[in-house]
Each structure stands twice: as C-alpha cells, then as structure tokens.
C-alpha cells in the first residue's frame, strides 16, 4: 500500500483551497434553507390575497415546517449509510424542484404542497452542511468554519423579511408577479450551490450494509406531524377542541412507538438510543430543544413589537433586525475561534443562555409604546450574541460526542431538536401573545371609555368620518378577541389617540411572553452547568495518526 493511499483510506483530506471552495457551496445551500424560513413571512399576505386563499395561508407555513423537521434526522442517518455527497445533492435538487413549483402555483393548496416539497429538501440542506464540514476539516478548524455557517443563518434571518417584502411589493418583475420571485430567487443560488458541490466535493464513496429504520421513520413522522400541526393551528382550532386533542393523542402515541422502534432497531436506529447515554449528547439535545423554544419564540417577538407597537412596516422591521445579525456574527465567530484555539466549549452555552435570559428579562421589563427604537435594537444585538454562543458550540459538542460513523446522526439531531423547540416556541408564544393581548386590550378599552378626553376624540364627527378609522370603529363594535386581532393592518393608519389602548395591550402581551421566554432560557442556563467540563477531542484524529504512522513506515 502506498503512503498516499494509506492516508486517504483513513480519511479524505482536502487542501485549504478545496475546503474554502466546498464551503462556498455548502453556505449557499444553508443560506437557501434558512432564508426560506423567513422570506415568506412578509409576503404570504400578498400571496394569499392573490391566490384567493387568505384562510389557508397558515398551511403553507405548516407544510414547510413539518417536512423540514421530519426529514432532518432521516438525512442524518441516511448520509451515515450512503455518504454525504449524494444526499446533499439530492436535497438541493428537491429544494429547487419545490421552489420552481412554488413560484408557478395557481392556488394556496398547490402552494402548501410545493412548500412541503421545499421542506423535504431544506431538512437536508440545514443538517448536512455542518456534517460535511465535520468530515472534511479537523476539530481544530471545524469550530471556526461552523461559526461562519451560524453567521449565514443570522444574515438570512434578517434579509428574509426585507427581500420578501420588496418582492411582494412589486407588481411585476421580468413578466412574473413580484411575489413569485420569493421562490424563483432560489433557482440561481441553488444551481450555483449544486454546481460547486458536484464539482468540488469528493468524499470517499461508502455504502454500509445496514438496515434502514423504516419503522422508526414512520413513528417519528406520526409523532411530529400532529404535534407541529396543533402547534401551528391550535390558536384557530382552540387548544381544547376535538382536533387539538386528536393531535395530542397521535403525538404521544407516535413518541411511544418511536421509542419502542428505536430500542428494537438498536444500532441501525434512526436516532440510536445508546447515544443518549453520553452525557454531552443527552444534555446538548435537551439544551437545543429548550433554547429553541425560548430563543426562537423570543426572536419572533422583536419583529412583532416593531410592527404591532411601533408601527414599522415588515421591511423596516427587517432592517432594524440588522443589529441581531451583528450579534450573531460576533457570538458565532468569537465562539468558533476560541474553541478552535483552546478546545474548550462549555463556557459558551453557559454565557449564551445567560445573555439570552438577561436580554429576555430586559425586553420584558423595558419595552413599551413610547420606548425609543434604539432600545430593541440594542437588545437584538444581545439576542444574536446569545444565539451565536449557543448554537454552534452545542452542535460541535454533539458531533464529537458520537462515534465517527454516527456523525450525520449527531449533527442532524442538534438541528432536529432545535427546530422542534423553535416550532413549538414560535407557535405557543404567538398564541400566548394574542390571547393575553385580547384580554388586556379589552381591559384597556373599558378603562378608556371612562376617560372624558378619550370619549371626546371617539365622538368627534371628523374622526368618525375619516375612512382610515373605519376598521377601528368596527373593532370597537366587535370587541377584542383572537379573531378580531387576526387583521391589524389598519392599526397604525387609524387615529393614534384612539389606538393607544390597543398598542398598549400588545406591548403588555409581548412583555409577558418575553418574561416567559426568560424563565425557559434561565432553566437552560442552569442545565448548561451540568455539561462536562472537558476539552473537545477529535474522534477521527487517532485513525489519521495511525494512518500517518503506517505511511511513515
């Protein structure tokens, strides 16, 4: 055996230039998937109106969420069996097909199907990019590179609302409705990623003779789909409705069946239960889930505050969140470089959850109707920094806590638990926001009706005759409820003197949500101290060292 073949047999090594080239393709893929989570949010109202399906708009979001979450662990396990490259290329192709279909739809039902196809691809793009980096670079450099990926996540989360709002606001671009470019924009970026990965990513081809855990895949689908469904639709269905209880029951049954299937499957399980015996893997999974609930739910509240309380447009709110990107860039790059230099990671989840808790408490106590805009801007910096300190080190910890053959499972599990937490947190917190707001607004309006100055404005014939106030007066007649708060597009064009009780109600509700988020991130802060205080070691280092010794002889 030659020296070269001995080394390559132990692990594929790429030059610095090759690594950077591959990284460009992987980052483009991750940018696509993470951008698509936010770009639709500011354009869905326009899309739904154009397709005459306003009441169905939530299904477009739910379909993407369900398929991307369900497929994430599947990609991780299948890539451990069949190799990363074919699975990543497949994910890009599926995502591009879904994007092309989504941009060509003529009904909301079609859009929901297309978004489901996109989600199937996105699950692989998010999970496999970090896994491939784990394959092609050493632990010493991996933290630094993965820090850049977290920065891509932050940038896309800010660009999404801005770009989506810009496309939705354009009547026609190159002969197509403006909103269709929300999906068509993925095509050139995705083709570039596909080309780079196809040409430059060459990993050893592997096809392990191993059973595929079909029962585990079916059980986890049965568990996740109903739970995500009720998380997204529960507010409109009612949390105690028959539909909701049916979803709860199916979800619990799915979880029980999944645990049984994984125990029976043993080593070839979708997420082998033996991995949870490792303290680092188990605690990191739990932290990813809790942080996902508290952090992503809280992050959803900042744009809500800027739009509902301060009256910014979705595009303006997106631009305001640039400070969030500054924070996540600072946090992820600092964490990546420090871990690369020292191998120590435990301090960052502790710092990250601590910063998130303080930021959530500060937001819950300081944001009101009259708060200056620089205050949420500064808070967003710390939210981003906390996110950067948590996401990447925990992903890295899960990667190195599993054997090299389970690298895909370890990385996809981090994305899976965080995605599940984010979905639950966003859905529950938004539901909580509108429930608390409805109650508070009703109290505020009752109090305002006893104020002579307020009644004078309300009964002013000029104010009542103003078309901008028509929906406001209809709101007064119907009263505050979840249904009446579904459309608040009139809120900041109506008389500010009369809408004050409403904006104060939303502000109070957002503060309540943030304090709840702070409790969750505070729990994560306490749990993070239980992480093992040891340096990360590369499980692939020993085989490579042995191969080098063989080559030397």
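Bear in mind that the values in this text are calculations on the coordinates, not laboratory data. Source: prediction; values computed, not measured. Virtual Cβ from ideal backbone geometry, glycine too; neighbours counted across all protein chains shown.
Roughly speaking, what is the centre-to-centre gap between segment 48-109 and segment 141-203 when only Cα atoms are used, to the nearest Å?
Each part's Cα centre sits 15 Å from the other's.
Using a basic spin-label model with each label point 7 Å from the Cα along Cα→Cβ, how many nm lie between residue 515 and residue 107?
Simple spin-label model gives 4.7 nm for this pair.
For residue 16 and residue 530, what is the calculated FRET efficiency with R₀ set at 45 Å and r taken between the beta-carbons, to the nearest 0.05?
It comes to 0.75.
Would you list the P(r) distribution for segment 13-207, with all Cα-Cα distances sorted into 10 Å bins from 0 and each bin expressed as a whole %?
With 10 Å bins starting at 0, P(r) equals 10, 37, 33, 15, 5, 0.
With an 8 Å Cα cut-off and a minimum separation of 6 or more residues, compute the relative contact order for segment 271-541 in percent.
Answer for segment 271-541 is 36 percent.
So what is the relative contact order for the chain, in percent, with contacts set as C-alpha pairs under 8 Å and at least six apart?
21 percent
If I fit a long axis through the Cα atoms of helix 139-168 and take the longest principal axis of the Cα atoms of the chain, what angle between them do I get, 0 to 90°, rounded to 10?
30 degrees
Compute from the Cα atoms of segment 263-413 the Rg and the Dmax, the latter being the longest Cα-Cα distance, and quote both in angstrom.
Considering segment 263-413 through its Cα atoms, Rg and Dmax are 18.0, 58 Å.
Can you tell me how segment 362-440 classifies by the Cα gyration tensor, rounded, prolate or oblate, using a/c under 1.5 as the rounded cut?
oblate
Go ahead and run the numbers for FRET between residue 259 and residue 468, Cβ-Cβ distance against an R0 of 45 Å, rounding to 0.05. Intermediate values should be presented prior to the final figure.
Details: r = 56 Å, r/R0 = 1.25.
Taking R0 as 45 Å, the efficiency between residue 259 and residue 468 is 0.20.
Which whole-angstrom value gives the distance between the alpha carbon centres of segment 363-440 and segment 272-293?
What the calculation gives is 16 Å, centre to centre.
Would you mind classifying segment 79-163 by shape? Square roots of the alpha carbon gyration tensor eigenvalues, ordered a ≥ b ≥ c; an a/c under 1.5 is rounded, otherwise it is prolate if a/b is larger than b/c and oblate if not.
Oblate, since a/c reaches 1.5 and b/c is not below a/b.
Points 7 angstrom from Cα along the Cβ direction at residue 236 and residue 195: gap in nanometres?
Going from the residue 236 label point to the residue 195 one covers 4.1 nm.
So if each residue of separation counts as 0.36 nm, and I subtract the Cα-Cα distance between residue 52 and residue 276, what length gain in nm does that give?
Gain on stretching residue 52 to residue 276: 75.9 nm.
Could I have the simple spin-label model distance between residue 460 and residue 496, label points 7 Å from Cα toward Cβ, reported in nm to one decimal?
Between residue 460 and residue 496, the label points sit 1.3 nm apart.
Kindly provide the Kirkwood hydrodynamic radius of the chain in Å, to one decimal, from all pairs of distinct alpha carbon atoms.
Values: mean 1/r = 0.0408 Å⁻¹.
So the Kirkwood estimate lands at 24.5 Å.
Is the shape of segment 271-541 rounded, prolate or oblate, going by the alpha carbon gyration tensor and its root eigenvalues a ≥ b ≥ c, with a/c under 1.5 for rounded and a/b larger than b/c for prolate?
It is prolate, given that a/c is not under 1.5 and a/b is the larger ratio.
Specify the angular offset, from 0 to 90 degrees and rounded to the nearest 10, of the alpha carbon long axis of helix 347-366 from the longest principal axis of the alpha carbons in the chain.
0 degrees
Could you tell me the calculated FRET efficiency between residue 344 and residue 446, based on Cβ-Cβ distance and R0 = 56 angstrom, to the nearest 0.05? Please list the in-between numbers first.
Details: r = 56 Å, r/R0 = 1.00.
Efficiency computed from Cβ-Cβ geometry: 0.50.
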